[in-house]
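Here is the structure we will look at, set down as structure tokens.
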Amino acid sequence: MKYDYLIVGSGLYGATFAYYAQKRGKKCLVIDKREHLGGNVYCEKIEGINVHKYGAHIFHTSNKIVWDFVNSFVEFNRYTNCPVANYRGELYNLPFNMNTFNKMWPDVHTPLEAQAKIDSQKFKGVPSNLEEQAMSLVGKDIYMKLIKDYTEKQWGRDCKELPAFIIKRLPVRLIFDNNYFNDKYQGIPVGGYNKLIDGLLEGVDCKTDIDFFASEYRNWKEYADKLVYTGALDEYFDYSLGKLDWRTVNFKTRIENTPNYQGNAVVNYTSHDKPYTRVIEHKHFEMFGQEVYDCPKTVISEEYSTEYEDGMEQFYPVNDDRNNALAEKYRAFAAQEENVIFGGRLAQYKYYDMAPIIEEVMKLFN
């Protein structure tokens with residue numbers, strides 16, 4: 001059979017594209033090199049808990065069209081992301097808000113006092129690196145306890161060696177509000193993200209365990225009129241200009257014989273005394289109140305940020321000058337490819353949240 005589209009990758013971009021194409025009468029074949037569909041939003045059921053296998057995914061958007069769209073496949077719950085930062089046993093609310101400032105400086109009780117304290121510690125001058133940029137926004141105390149070590153663990157580099165633009169701005173909220181996102185809508189699919197992916201791909205031909213580059217589909221024109229490619233940008237061009245750098249995350253997931261391990265879905269560890277950047281307790285994404293204790297065990301994942309090597313999963317593009325320049329050259333190549341659409345985080349070498357990925361596909365079809 002000849003398809004209208006061969007779609008490489010079944011993550012949110014590929015699955016949403018397949019949904020809209022099929023709605024318009026197009027025949028699609030989706031292939032994925034993993035054993036499952038869904039890309040990084042895939043959930044694995046362990047002890048009755050939907051475990052975010054590739055890290056926490058919290059859907060948030062202010063676009064009601066996108067929100068209604070995803071809810072048409074699966075109901076989203078009321079989960080609100082309120083991370084906690086653990087600095088050597090001291091607990092702070094994130095994002096930076098009046099609860100954070102009062103814990104950091106017990107004599108600070110009002111927004112005016114908090115702003116004055118931050119202003120007194122700010123870096124003065126034009127920031128030339130991430131450290132100076134961060135201190136110009138939130139001052140020295142917050143930088144030292146809640147940013148410095150965490151960022152160095154995340155990027156594997158000293159903050160003085162990282163470019164300032166990585167932290168263009170940090171949210172400083174002079175209110176008592178622990179909600180991490182400013183978006184109007186946020187939540188988690190009831191029953192996990194697999195339900196969303198299954199809804200998007202219903203009726204679409206899908207094959208897993210297929211490596212595009214090591215399969216017959218590499219000669220995609222024999223199978224489809226057009227290619228939708230969501231894999232790594234440099235790999236498509238056989239690394240002809242060199243490799244783009246990525247950071248990746250290793251997950252150590254385990255079952256704990258307790259109904260409530262840390263009391264929150266997300267706890268960041270912001271000092272070097274812990275090698276992991278954060279710990280996710282997955283049940284708190286979908287279980288609330290008594291539900292937490294009705295499920296006698298819990299599942300946690302420690303996240304270890306590391307430099308990408310071949311065979312690992314690519315998570316975060318390293319958007320320094322070298323990589324940005326190289327990515328632009330590859331994008332110029334991509335623009336010249338006939339009947340090929342490059343979409344998503346890997347193929348565009350750009351970090352995306354989930355909602356903007358869906359918006360981008362919507363714009364293509366509208």
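The values are calculated or read from the model by the stated rules, or taken from the named source; none is laboratory data. Note that the structure is a prediction, hence the values are computed from the model and not measured. Here the Cβ positions follow ideal geometry from the backbone for every residue, glycine too, while neighbour counts run over all protein chains shown. Areas reflect the complete protein model, heavy atoms only, side chains present, ligands, DNA and RNA absent. Shrake-Rupley method; radii C 1.70, N 1.55, O 1.52, S 1.80 Å.
At-a-glance table
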quantity	calculated
Subset of segment 229-272 that is open to solvent by 50 Å² or more (accessible area, probe 1.4 Å) and of a type in the set (A, V, I, L, M, F, W, C) - its residue that is farthest from residue 304 (Cα to Cα)	241
Within segment 332-352, considering residues that are out of contact with any helix residue (DSSP H, G or I) (no Cβ under 6 Å at 6 or more places or on another chain) and in a loop (DSSP other than H, G, I, E, B), the one nearest to residue 40 (Cα to Cα)	351
Any chance residue 304 is touching a Pro at 6+ places or on another chain (Cβ under 8 Å), aromatic (Phe, Trp, Tyr), without any contact (Cβ under 8 Å) to a residue 60 or more places away in the chain and open to solvent by less than 70 Å² (accessible area, probe 1.4 Å)	yes
Residues located in segment 99-110, provided they are assigned to a helix (DSSP H, G or I) and open to solvent by 60 Å² or more (accessible area, probe 1.4 Å)	103
Tabulated pairs, segment 202-228, first within 15 Å of residue 32 (Cβ to Cβ) and among the aliphatic types (A, V, I, L, M), second assigned to a loop (DSSP other than H, G, I, E, B) and open to solvent by 60 Å² or more (accessible area, probe 1.4 Å), C-beta under 6 angstrom, 6+ apart or interchain	none
In segment 176-193, residue nearest to the chain's Cα centre (by Cα) [restricted to those that are open to solvent by 40 Å² or more (accessible area, probe 1.4 Å) and hydrophobic (A, V, I, L, M, F, W, C)]	190
Residue match in segment 49-66 (condition: more than 30 Å from residue 219 (Cβ to Cβ), in a helix (DSSP H, G or I) and open to solvent by less than 20 Å² (accessible area, probe 1.4 Å))	yes
Test: residue in segment 288-304 that is small (Gly, Ala, Ser) and closer than 27 Å to residue 159 by Cα	yes
Selection count where residues are of a type in the set (Ser, Thr, Tyr), farther than 23 Å from residue 291 by Cα and part of a loop (DSSP other than H, G, I, E, B), scope segment 67-91	1
Residue check, residue 310 closer than 25 Å to residue 151 by Cβ and surrounded by fewer than 18 Cβ atoms within 10 Å (Cβ to Cβ)	no
Residue that is nearest to residue 242 (Cα to Cα), among those in segment 326-366 that are touching a residue at least 60 places away in the same chain (Cβ under 8 Å) and open to solvent by 70 Å² or more (accessible area, probe 1.4 Å)	329
Failed item in (1) at positive phi; (2) open to solvent by 40 Å² or more (accessible area, probe 1.4 Å); (3) over 19 Å from the mean Cα position of the chain (by Cα), with residue 128 passing the rest	(1)
Pick from segment 198-211, criterion charged (D, E, K, R) and in a loop (DSSP other than H, G, I, E, B), ranking: least open to solvent (accessible area, probe 1.4 Å)	211
Scope segment 9-22; condition surrounded by 24 or more Cβ atoms within 10 Å (Cβ to Cβ) and over 19 Å from the mean Cα position of the chain (by Cα); matching residues	17, 18
For residue 322: the one exception among (1) at pLDDT 95 or above; (2) out of contact with any helix residue (DSSP H, G or I) (no Cβ under 8 Å at 6 or more places or on another chain); (3) open to solvent by 50 Å² or more (accessible area, probe 1.4 Å); (4) of a type outside the set (S, T, N, Q)	(1)
Single residue of 27, 2 found to be at pLDDT below 95 and open to solvent by 60 Å² or more (accessible area, probe 1.4 Å)	2
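Each row is one residue, and each column tells you yes or no for (1) within 30 Å of residue 255 (Cα to Cα); (2) more than 21 Å from the chain's Cα centre (by Cα).
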site: 39; (1), (2): yes, no
site: 50; (1), (2): yes, no
site: 53; (1), (2): yes, no
site: 63; (1), (2): no, no
site: 97; (1), (2): no, yes
site: 106; (1), (2): no, yes
site: 113; (1), (2): no, yes
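Residues checked against (1) among the basic types (Lys, Arg); (2) open to solvent by 40 Å² or more (accessible area, probe 1.4 Å); (3) in a strand (DSSP E or B); (4) modelled with pLDDT of 95 or more:
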{"position": "143", "(1), (2), (3), (4)": "no, no, no, yes"}
{"position": "146", "(1), (2), (3), (4)": "no, no, no, yes"}
{"position": "165", "(1), (2), (3), (4)": "no, yes, no, no"}
{"position": "174", "(1), (2), (3), (4)": "no, yes, no, yes"}
{"position": "195", "(1), (2), (3), (4)": "yes, yes, no, yes"}
{"position": "213", "(1), (2), (3), (4)": "no, yes, no, yes"}
{"position": "227", "(1), (2), (3), (4)": "no, no, yes, yes"}
